[in-house]
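Presented below is the structure to which this report refers.
The values are calculated or read from the model by the stated rules, or taken from the named source; none is laboratory data. All values reported here derive from a predicted model rather than from experimental measurement. Reconstructed Cβ throughout: ideal geometry from the backbone, glycine too, with neighbour counts over all protein chains shown.
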Amino acid sequence: MRVMAQMAMVMNLDKCIGCHTCSVTCKQAWTNRSGTEYVWFNNVETRPGQGYPRTYQDQDTWQGGWTLTKRGRLKLKAGGRLKNLATIFASPKMPSMSDYYEPWTYDYESLTTAPAQGHTPVARPKSLLSGKDMNISWSANWDDNLAGSTEIVPGDPVLAKVSSKVKLEFEQTFMFYLPRICEHCLNPACAASCPSGAIYKREEDGIVLVDQDTCRGWRKCVTGCPYKKVYFNHRTGKAEKCTFCFPRIEVGLPTVCAETCVGRLRYIGLVLYDADRVLAAASVQDEKDLLRAQRDCFLDPHDSAVIRAAEEAGIAHDWVLAAQRSPIWKLINDFEVALPLHPEYRTMPMVWYIPPLSPVVDVVAETGEDAEDEGNLFAAIDTLRIPVEYLAELFTAGDPVPVTGVLRRLAAMRSYMREINMGREPQESIASAVGMTGAEIQAMYRLLALAKYDERYVIPPTHAEQAHGLEELATECSLDYDGGPGMVDSGPFGEGSGSQTPLAVENFAALQRRQTSDFGTDPSDKAARVNLLNWDGNGSPSGLFPRRRSEDRADEADRS
Amino acid sequence: MSTLLWVIVPYVVLAIFIVGHVWRYRYDKFGWTTRSSQLYEDRLLRWASPLFHFGILFVFLGHVMGLVIPKNWTDAIGMSEELYHFLAISVGGIAGFCTLVGLTLLIYRRRTTGPVFRATTRMDKAMYAALALVILLGLWNTVAGGVLNLGGHYNYRTGVSEWWRSIFYFQPKPDLMAQAPLGFQLHAMTAMALFAMWPFTRLVHVFSVPLFYLWRPYVVYRSRSDRLGSRNQPRGWDRVDTPRR
Ligand code: HEM
Ligand code: SF4
Ligand code: SF4
């Protein structure tokens, strides 16, 4: 047994309202730069739909992730090491800009400089790649809310796997949102495809990062990742990906997407797993066994043998305690309601999802029946093959049994809690119908529905005595990096050359002070940019909104 | 004159080449990349880039054969002059031709695809000019000297090659170059210009050929603690620490 800790996330899809706040705040914090205009480390896609980049789930085309050889050994789907190197000069399976979308801005200036004229002036869209006028025809969420569904939805690769009868009925049926970030996989195909070895998994918390100084721009990881969550920065010529907001995680703050999520549906915590079992689990023959195999890799943090092994592996005691309180462990193991996204890619993804019950509830409610009654809901889950089959293609490699199990538990929770809220006797029979006790249902309800901040996020900060190992620590003067304040954007060898500028110039203590203070503070060294990476939700980050007039007047009064 | 061209300049170029790479690697690891433009355009690149690269790799092997390996070594393994000549001209000619076609396509693509052209730096343009010139002159030497036999026979293996090796023995023989045909002189001069700018262009990617990939484990793990932050420790700010043994 080789115990390792992994920082993981669970998203409760029933609560996602598709507002894209997470995407926007993430972009503001991480990819608000030239070269990453088209990049969304966090994106929210409407299902059914084609996703971003378009049809990324169709691995017959994109060749992402792993596959098994005839002899049952794990192999990159795009080809082994030699083939990978032989195709290095032009990667054969890389999405082009049109599969993401051509980023654009608007010619806003024409609005203010237009001469007096009969028509209202328009700001034309301008391509950020060629600088020319362009027609906008696709974007990261073009098919939001099933927009253009008759044309676009048939291109959904997940739908294509669901049987044809289901497809027909489907148009009238359901829709939900799927927010996606990098999965920080246990068996990352991106890292395995990187010829330079620049993509690595951190031993301490399993976060997968790209070393910007070692990346040589071979852009093989883009093909390797089946979720298409590594992006190529076309200005710097380096790969970039979701960082799980490691500077925040290191000091115990949740990621920006989780912190700002309107639906409060994201959970972050640790899981302990046995690194020795990962390879075998990723190579099980039957795709439908992958879910169980991955679950079996996780280690019970309450088990004394595991605790001992964890300590031997150098995992600090408070991390073990955090693993015991971890909402992820509870949702995956105790309540068994969280499922991995596309386990059949065999990367062992670590962002899991609670599939949405709402499509079923909606159908029942439309029939005029009681949509809180467990009998009605159970019957609907069993008869409504469509959502279940679709969800199964997403979360269980097509096996409907685990999905049905989760939906029944969610339905049972609904009915059970209704009885309590109506002041009636709680019905143990509802709980036992899904193999739980009333107390367990109430605990699950507390975690899923009430979703208290400190129960959603159980993030042990990195240790102060390891502080010097923190990747983003600034124990020196924060302006003391190459180029100094107001870094030079472009070195002599093209965009972003020259030595690296630290991602965050905050130090450990300042972040902690900020975390516990009542004021939203912002670093003022980036004049026109609002830094959401450090925003903790208190107040509004200054610079985001214009100052109030009364404040200006108060300032003036002070001066005079 | 010939001392300047064939002794001083080569050593200066050699120095720039070596020191330049070391300096660039230390100062600009972040800029050390292929700066791939595949995201902008991949229809042309799909043909052009492999054509160019496989071509130039064979051309490189050809140069190893011609420049590095002395004539009496190939004689020793019984390779006849005719066989060598035939190999050099056929393989070299084909590889050179592929390289040239690939490079032409690459330059055409770079000029005509809006986003790719916008991402082209001044250094890129200079590099393309030098690269194209070197390849053209090299191909001219092969075709003109080897096939058309213009200007009589010249065996570069006893001329240019010996001069090239003499540079590395530190016993330069500039006369050999001074007597070489103009085509070879120009090829060598432009090549030296290319090598002088090499460390400062995207061509540095050649030195990161990731062959290590074939042996390393698939997934790389790294511990946070093997690096001290994303910045180097400034001098004079070392932590108080007991010496590690
Ligand atoms: C085996 C070693 C090499 C490897 C693995 C390699 C790989 C690459 C890759 C991946 C690209 C980016 C293509 C793209 O997506 O845009 C590239 C571009 C380029 N390489 Fe190489 N290369 C190698 C050797 C060379 C050599 C020896 C030369 C010339 C002396 C060279 C000259 C170039 C040039 C000029 C480009 C720019 C092409 C363009 O976009 O116009 N490479 N190389
Ligand atoms: S989801 Fe993330 S960790 Fe997994 S293969 Fe893709 S980029 Fe790598
Ligand atoms: S912020 Fe939350 S609710 Fe809004 S789209 Fe993102 S995940 Fe869904």
Residue count, region A:238-284 (criterion: more than 16 Å from ligand 3 (Cβ to nearest atom) and either in contact with a helix residue (DSSP H, G or I) (Cβ under 8 Å, 6 or more places away or on another chain) or not small (Gly, Ala, Ser) (or both)): 27
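Can you find even one residue in region B:126-134 that is away from ligand 2 (no atom under 16 Å from the Cβ) and within 14 Å of chain A (Cβ to nearest Cβ)? Quick ask: steps written out before the conclusion?
The first filter runs over region B:126-134 and keeps only residues away from ligand 2 (no atom under 16 Å from the Cβ), leaving B:126-134.
Within this subset, residues satisfying the condition of being within 14 Å of chain A (Cβ to nearest Cβ) are B:126-127.
Yes: one or more hits.
State the number of residues belonging to region A:74-126 that are within 14 Å of chain B (Cβ to nearest Cβ) and among the acidic types (Asp, Glu).
Count: 2.
Quick one: in region A:88-102, which of the residues that are of a type in the set (D, E, K, R) and in contact (Cβ under 8 Å) with a residue 60 or more places away in the chain is nearest to A:Pro125 (Cα to Cα)? First the steps, then the outcome.
Step one: list which residues in region A:88-102 are of a type in the set (D, E, K, R), which gives A:93, A:99, A:102.
Now drop any that are not in contact (Cβ under 8 Å) with a residue 60 or more places away in the chain, which leaves A:93, A:102.
Details: A:Lys93: 30, A:Glu102: 11 Å.
The qualifying residue nearest to A:Pro125 (Cα to Cα) is A:Glu102.
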Unique match (being within 21 Å of the chain's Cα centre (by Cα) and in contact (Cβ under 8 Å) with a residue 40 or more places away in the chain) among A:Leu68, A:Leu13, A:Leu85: A:Leu13
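Given A:Trp40, A:Trp66, A:Trp62, which one is farther than 20 Å from A:Tyr100 by Cα, buried (at least 18 other Cβ atoms within 10 Å of the Cβ), within 14 Å of ligand 2 (Cβ to nearest atom) and aromatic (Phe, Trp, Tyr)? Steps first, answer last, please.
Working: A:Trp40 fails: farther than 20 Å from A:Tyr100 by Cα; A:Trp62 fails: farther than 20 Å from A:Tyr100 by Cα.
Residue meeting the stated conditions: A:Trp66.
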Cβ pairs under 6 Å, 6+ apart, first in region A:136-157 and assigned to a loop (DSSP other than H, G, I, E, B), second hydrophobic (A, V, I, L, M, F, W, C): A:Ala140/A:Trp40; A:Asp143/A:Ile152
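For (1) under 28 Å from B:Leu186 (Cα atoms); (2) modelled with pLDDT of 90 or more; (3) touching a Leu at 6+ places or on another chain (Cβ under 8 Å), each residue gets a yes or a no:
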site	(1), (2), (3)
B:Pro10	yes, no, no
B:Tyr27	no, no, no
B:Asp42	no, no, no
B:Trp47	no, yes, yes
Residue list for region B:28-57, filter: of a type in the set (A, V, I, L, M, F, W, C), within 21 Å of the chain's Cα centre (by Cα), near ligand 1 (Cβ under 9 Å from one of its atoms) and buried (at least 19 other Cβ atoms within 10 Å of the Cβ): B:Leu45, B:Ala48, B:Phe52, B:Ile56
Total residues in region A:298-334, condition more than 22 Å from A:Asn12 (Cβ to Cβ) and either basic (Lys, Arg) or outside any loop (DSSP other than H, G, I, E, B) (or both): 15
Selected residue [modelled with pLDDT of 95 or more, away from ligand 3 (no atom under 13 Å from the Cβ) and either buried (at least 18 other Cβ atoms within 10 Å of the Cβ) or among the hydrophobic types (A, V, I, L, M, F, W, C) (or both)] from A:Ala8, A:Ala90: A:Ala8
Residues of region A:272-325 that turn out to be under 23 Å from A:Pro400 (Cβ atoms) and of a type in the set (Val, Ile, Thr), as a count: 1
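Of the residues that sit in region A:119-135 and are part of a loop (DSSP other than H, G, I, E, B) and charged (D, E, K, R), which one is surrounded by the most Cβ atoms within 10 Å (Cβ to Cβ)? I'd like the intermediate steps shown before the answer.
So the first thing to find is which residues in region A:119-135 are part of a loop (DSSP other than H, G, I, E, B), and the list is A:119-124, A:128-132, A:134-135.
This time we only want the ones that are charged (D, E, K, R), so: A:124, A:132.
Details: A:Arg124: 12, A:Lys132: 9.
Step by step, filter region A:119-135, then rank; the result is A:Arg124.
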Region A:249-307: number of residues that are closer than 16 Å to A:Trp352 by Cβ, among the basic types (Lys, Arg) and surrounded by fewer than 19 Cβ atoms within 10 Å (Cβ to Cβ): 2
Given (1) closer than 27 Å to A:Leu129 by Cβ; (2) not in a helix (DSSP H, G or I), index of the condition B:Arg111 fails: (2)
Options A:Gly224, A:Gly148, A:Gly197, A:Gly155; residue that is surrounded by fewer than 23 Cβ atoms within 10 Å (Cβ to Cβ), within 16 Å of ligand 2 (Cβ to nearest atom) and more than 30 Å from A:Arg456 (Cα to Cα): A:Gly197
Residue, modelled with the highest pLDDT, within region B:222-243, restricted to residues that are out of contact with any helix residue (DSSP H, G or I) (no Cβ under 9 Å at 6 or more places or on another chain) and within 7 Å of chain A (Cβ to nearest Cβ): B:Arg222
Only one of B:Thr74, B:Thr112, B:Thr99 that is modelled with pLDDT of 80 or more and farther than 15 Å from B:His187 by Cβ: B:Thr112
Top-ranked residue of region A:227-260 - restricted to ones that are among the aliphatic types (A, V, I, L, M) and within 12 Å of ligand 2 (Cβ to nearest atom), ranked as farthest from the other protein chains (Cβ to nearest Cβ): A:Val230
Candidate set from region B:44-62 (those that are within 9 Å of chain A (Cβ to nearest Cβ) and of a type outside the set (A, V, I, L, M)); member that is farthest from ligand 3 (Cβ to nearest atom): B:Phe54
